[in-house]
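Undergrad: Below you'll find the structure I mean.
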Amino acid sequence: MALSGAFTGSILNGNYKLRVEWTATQNIGANTSKITAAMYLVQASSWGLNIASRSDNKTTINGVDIAWTSPAINNNGGKTTKLATVTSGNIAHNADGSKSVTISATFQLRATISGAYRGTITASATVNLNDIPRATQPSLSVSSANMGAEVKISTPRAASSLTHTLTYELIKGDITGSGGVELLTSGSIASNVGTSYTWTVPDLASYLPNDTQATALITCTTKSGTKTVGTKTVRLTVKVPAALIPPLPTLAIAEATAGLAARFGAYVQGKSKLAVSVAATGIKGSTIKAYQTTVEGKTYTGSSFT
């Protein structure tokens, strides 16, 4: 693929060549290109020419003929003469952004050379233009959402024939920095998507045993038939809903000073000690990381203490 190039056609063992140099400019938004072609006559040393101007030359670009007039030529050879420059109209690319274009040029030489009449010199080539980017950039209706909530993924495709495949990766860490990223899980969202898709964020809480949120990296793969045009991504902050927060712990308190409970049936100020145990469990794979209990202004750690 290219945006410029050159090709030649020749007669008399290459002593007279028609050289075509072309360049392309692209309109990404319109999915089109324009091609400019410059034609040159290249004469070998000692291969002269004396002809008048010719007005019936033509260059064909993508099937469209463009007529041009060449100047009069009178020299003894070893020369390169610019014949003309032409520019095509807008050339539409395919829906996936690709385009092959045939360029051909015909120069009306019409001269007798070395005793033989030579009518024309032609040159032709098929060129593959650079693909115009057509991958869809997705966008989201919200930047963050609870698990179980609906999120609209908009996929404004560049052509109606394009489709999209949507996938996600649940990641933990700084995606924009150098601190490292941990892939927690991944999955498919939908395929053969047109302009949008409403996704119900799945229950991923079991992948976040010690966190309340993570990042879902949503990838939109644009396709033209079976050909992948390109991929673009967007990020969604996925939150664990409040309903999945572990329940409050339970407390068990008993007399720790031997004999007091049996003798008085109550706690005795200045004598009693409390034997405290705390019971807590996680949910959806979460774990209890620490305990902290405050009694009469003093803080204790651990699941049991006196």
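The values are calculated or read from the model by the stated rules, or taken from the named source; none is laboratory data. Everything numeric in this text was worked out from a predicted model, so none of it was measured. Glycine gets a Cβ as well: all are built from the backbone with ideal geometry, and neighbour counts include every protein chain shown. To get the accessible areas, we keep the full protein, side chains included, count just its heavy atoms, and leave off ligands, DNA and RNA. Shrake-Rupley method; radii C 1.70, N 1.55, O 1.52, S 1.80 Å.
Undergrad: Filter the range 160-203 down to the residues that are closer than 27 Å to Gly282 by Cβ and outside any strand (DSSP E or B), then identify the one that is modelled with the lowest pLDDT.
TA: Selected residue: Gly179.
Undergrad: Right, another one. Got a sec? Which of Thr200, Thr231 is closer than 22 Å to Ala158 by Cα, open to solvent by 50 Å² or more (accessible area, probe 1.4 Å) and under 35 Å from the mean Cα position of the chain (by Cα)?
TA: Thr231
Undergrad: When you check Ile288 against the structure, is it assigned to a loop (DSSP other than H, G, I, E, B), within 58 Å of the chain's Cα centre (by Cα) and on the phi < 0 side of the Ramachandran plot, yes or no?
TA: On the way: assigned to a loop (DSSP other than H, G, I, E, B): yes; within 58 Å of the chain's Cα centre (by Cα): yes; on the phi < 0 side of the Ramachandran plot: yes.
For Ile288, the condition - assigned to a loop (DSSP other than H, G, I, E, B), within 58 Å of the chain's Cα centre (by Cα) and on the phi < 0 side of the Ramachandran plot - is met.
Undergrad: Of the residues Ala52, Ala84, Ala24, Ala37, which single one is open to solvent by less than 50 Å² (accessible area, probe 1.4 Å) and over 20 Å from Asp131 (Cα atoms)?
TA: Just a single option satisfies the conditions, and that option is Ala84.
Undergrad: Next up: All but one of (1) touching a residue at least 24 places away in the same chain (Cβ under 8 Å); (2) part of a strand (DSSP E or B) hold for Ser206; which doesn't?
TA: Single failed check for Ser206: (2).
Undergrad: Here is a further query. Can you list residue pairs whose Cβ atoms sit under 7 Å apart, with the first residue in the range 128-154 being without any contact (Cβ under 8 Å) to a residue 24 or more places away in the chain and the second being not basic (Lys, Arg)? Count only pairs 6 or more apart in sequence or on different chains.
TA: Ser141/Val151
Undergrad: Can you tell me which condition Asn76 does not meet? The list is (1) surrounded by 15 or more Cβ atoms within 10 Å (Cβ to Cβ); (2) more than 46 Å from the chain's Cα centre (by Cα), and all the others hold.
TA: Only one criterion is unmet by Asn76, namely (1).
Undergrad: Among the residues that make up the range 257-268, is at least one of them at pLDDT below 85, open to solvent by 90 Å² or more (accessible area, probe 1.4 Å) and part of a loop (DSSP other than H, G, I, E, B)?
TA: No.
Undergrad: Here is a follow-up. Can you tell me which residue in the range 1-21 is most open to solvent (accessible area, probe 1.4 Å), limited to those that are β-branched (Val, Ile, Thr) and closer than 19 Å to Thr102 by Cα? Even if it seems obvious, please write down each step before you answer.
TA: To start, the set of residues in the range 1-21 that are β-branched (Val, Ile, Thr) comprises 8, 11, 20.
Imposing the further condition that a residue be closer than 19 Å to Thr102 by Cα reduces the set to 8, 20.
Values: Thr8: 77, Val20: 0 Å².
Applying the filter and picking the extreme gives Thr8.
Undergrad: Determine if the range 241-250 includes at least one residue that is part of a strand (DSSP E or B) and either open to solvent by 80 Å² or more (accessible area, probe 1.4 Å) or at pLDDT 95 or above (or both).
TA: There is at least one residue in the range 241-250 that is part of a strand (DSSP E or B) and either open to solvent by 80 Å² or more (accessible area, probe 1.4 Å) or at pLDDT 95 or above (or both).
Undergrad: Condition check: modelled with pLDDT under 95 and among the aliphatic types (A, V, I, L, M). Does Met39 satisfy that?
TA: Values: modelled with pLDDT under 95: no; among the aliphatic types (A, V, I, L, M): yes.
It is false that Met39 is modelled with pLDDT under 95 and among the aliphatic types (A, V, I, L, M).
Undergrad: Kindly indicate the residue of the range 88-141 that is among the polar types (S, T, N, Q), more than 32 Å from the chain's Cα centre (by Cα) and outside any loop (DSSP other than H, G, I, E, B) and also surrounded by the fewest Cβ atoms within 10 Å (Cβ to Cβ) among those meeting that condition. Talk me through it step by step, then tell me what you get.
TA: Of the range 88-141, the ones among the polar types (S, T, N, Q) are 88, 90, 94, 98, 100, 102, 104, 106, 108, 112, 114, 120, 122, 124, 126, 128, 130, 136-137, 139, 141.
Within this subset, residues satisfying the condition of being more than 32 Å from the chain's Cα centre (by Cα) are 104, 106, 108, 112, 114, 120, 122, 124.
Restricting the remaining residues to those that are outside any loop (DSSP other than H, G, I, E, B) gives 104, 106, 108, 112, 120, 122, 124.
Values: Ser104: 19, Thr106: 20, Gln108: 15, Thr112: 8, Thr120: 16, Thr122: 12, Ser124: 14.
Applying the filter and picking the extreme gives Thr112.
Undergrad: A follow-up question, please. Can you pull out the residues in the range 74-87 that are in contact with a Gly (Cβ under 7 Å, 6 or more places away or on another chain) and not in a strand (DSSP E or B)?
TA: Asn76, Gly77
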